Amino acid sequence: MKGRIAGLLGSAMLRGSVVLWVGMMAANLSNYVFHLLMGRFLGPVNYGVLASVVSILYYLMVPTTTITTIVMKYAAEFEVEGAPGKTHALFKRLTRQLLVISLVLFCLMAAASPLISRFLRMDSVWPLLILSTVILVTYLLPINRGVLQGLQKFGTLSTNLVIETVLKVIVGIALVAGGYAVNGAVFSIVLAMVVAYALSFIPMRRILAAHEAGVVELGPVWRYSIPVFITLLCLNSYYSIDIILVKHFLSPIDAGHYSGLSILGKIVVFASLAIVGVMFPIVAGRHKADQRHGGVLLSTLAMITLVSGAIVAAYAAAPRPVINILFGAKYLPVAPYLATFGTAMLMLALATALANYFLAINRTGGVPILIAVAIGQVAALLVWHDSLTHIVAVMFATMAVLLASLAVYYLLAVRGRPANDLLD
């Protein structure tokens, strides 16, 4: 046991996790400052509008997370092979193809904005129209970030993330204070992403200068993208669909209150993403080199339990002070639900680590589980949505079923096969 702890403390897993965790937590802190200030400045009703728009952005960004995951995996494998030219070729081909796709999706999103605004009972279509412009860069930025993460350049990646979120806070505060309300908040998100994309080319000079190693066949890349996309779509849906449905079914004030609760819950999940982000390229690289990597998963789950579990403990110990400090007294009605909702998000964080581990080792058996649970969550919310109590209960039950199912799949189908030699 002492040897495992010592190995963990001196491992690349921990070092990379600390670097990326610090960067991502700084970025997440800026992101939460943005939401907390918007919640205070806009009030529950207008913040409910912003939260529903941001939830749509999460869905739009599912392909971006898919792109990052794919590029990260192949960049990590190409680095093991010592072939930066392959990474350059992959970067160029994906950028060209996704630029065309981005233009098409931008037009579709702009055209669908009036319909979406009516479904969400929004007074104006402008927040959605402004949001649609982010598509023009949102599918290109993850290519660059995927390269950086695959090469394990966690410091430069963290810097880029921090710049984006800090700029969003500064511009968002200025525009909302200037009277632009929700439109100003959404525009700050778009502008920050454009700047981050421009700056992401700077640390990629080595890859861009490398001679292209022929043509990288994208067929296997796109085939791999299917289970990745489905996995990340489901994971995103677990903490986004509830906000959209609450905005549709409940009153504006209840929707605003729940949006605040959801943001606090997301802290638990997002605090773990840096750990998962470090795990993925390490596991993918070891898997490519036929090295053992099960211990990396165990270390990841342990670190998530410690980090995210500490946040949940704080929620359980002092829910009202936490809400009052972060969001203000207007959001205190959700205090009774904070510990339960936080626990649900802790289970989601652990499930996210398992799902990403399966992707890193090319195991797709967990995908049907993710789909079934996502469908079950939507069905349950469509039936039980009369109160915040019902919504929180559905979220807790859904995350419990998800984590238990993925754990069983790991024990029976992954760890249970000695030929895989997954555990140290």
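Once R0 is set to 41 Å, what does the formula 1/(1 + (r/R0)^6) return for the Cβ-Cβ distance between Ser124 and Arg320, expressed as a FRET efficiency to the nearest 0.05?
Numbers: r = 34 Å, r/R0 = 0.83.
Once rounded, the FRET efficiency stands at 0.75.
By counting other Cβ atoms within 10 Å of each Cβ, how are Ser272, Ser225 ranked from fewest to most?
Ser225, Ser272
Show which lysines lie in cross-link reach of Lys330 when reach means a straight Cα distance below 17 angstrom and same-chain residues fewer than eight apart are skipped.
Here the lysines satisfying the reach criterion relative to Lys330 do not exist.
Is there a pair in Lys86/Lys288; Lys73/Lys168; Lys153/Lys266 whose C-alpha atoms are over 20 Å apart, and which pairs would that be?
Values: Lys86/Lys288 16 Å; Lys73/Lys168 29 Å; Lys153/Lys266 25 Å.
In this structure, Lys73/Lys168; Lys153/Lys266 exceed 20 Å between Cα atoms.
Roughly how far apart, in whole Å, are the Cα centres of the stretch 213-275 and the stretch 283-352?
Centre-to-centre (Cα) distance: 15 Å.
So what's the gap between the Cα centers of the stretch 25-93 and the stretch 146-162, to the nearest angstrom?
Taking the Cα centre of each part, the stretch 25-93 and the stretch 146-162 sit 12 Å apart.
If r is the Cβ-Cβ distance from Leu208 to Tyr180 and R0 is 45 Å, what FRET efficiency results, to the nearest 0.05? Numbers along the way, then the final one.
Details: r = 37 Å, r/R0 = 0.82.
According to the calculation, E is roughly 0.75.
Quick check on the chain: helices-only [θ] at 222 nm, where DSSP H runs of length 4 and up contribute -39,500 (n - 2.57) each and the sum goes over total residues. Nearest 500, please. Don't skip to the end; give the middle numbers.
Values: 18 runs with 340 residues, N = 424.
Counting only the DSSP helices, I get -27500 deg cm²/dmol.
How far apart, in nm, are two points set 7 Å out from the Cα along the Cα-to-Cβ line at Ala310 and at Ala198?
3.8
For a quick check: sort Met279, Met204 by the number of other beta carbons within 10 angstrom, fewest at the front.
Numbers: Met279 25, Met204 20.
So the ranking, lowest neighbour count to highest, is Met204, Met279.
If you build a Gaussian network model of the chain, linking Cα atoms that sit under 10 Å apart, which residue out of Met345, Met122, Met399 swings the most?
Among Met345, Met122, Met399, the largest mean-square fluctuation in the Gaussian network model of the chain belongs to Met122.
How do Tyr331, Tyr258, Tyr197 line up, fewest other C-beta atoms within 10 Å first? Don't jump to the answer; show the numbers that get you there.
Details: Tyr331 23, Tyr258 26, Tyr197 20.
With the sparsest Cβ surroundings first, the list reads Tyr197, Tyr331, Tyr258.
Under a no-solvent Debye model with one identical scatterer per Cα of the chain, what's log10 I(q)/I(0) at q = 0.06, 0.12 Å⁻¹?
Log10 of I(q)/I(0), two decimals: -0.23, -1.01.
Please report, ordered by residue number, every helix of the chain (full DSSP H runs) that is 30 Å or longer along its axis going by C-alpha atoms and whose mean Kyte-Doolittle hydropathy reaches -0.5.
Numbers: long enough: 12-60 (45 Å, 1.17); 84-119 (48 Å, 0.90); 154-175 (31 Å, 1.61); 252-288 (51 Å, 1.04); 294-317 (34 Å, 1.83); 338-360 (33 Å, 1.63); 388-409 (32 Å, 2.06).
In the chain, the long hydrophobic H runs are 12-60, 84-119, 154-175, 252-288, 294-317, 338-360, 388-409.
Which whole number in µm²/s is D for the stretch 228-299 by Stokes-Einstein, with the Kirkwood Rh taken over Cα pairs at 4 °C and 1.567 mPa s? Please report the intermediate quantities before stating the final value.
Numbers: Rh = 14.7 Å.
D = 88 µm²/s.
Computed from the coordinates by the stated procedures, all read-outs in this text should not be read as laboratory data. This structure is a prediction, so every number in the text was calculated from the model and none was measured. Using ideal geometry, Cβ is built from the backbone for each residue, glycine included, and neighbour counts are taken over all protein chains shown.
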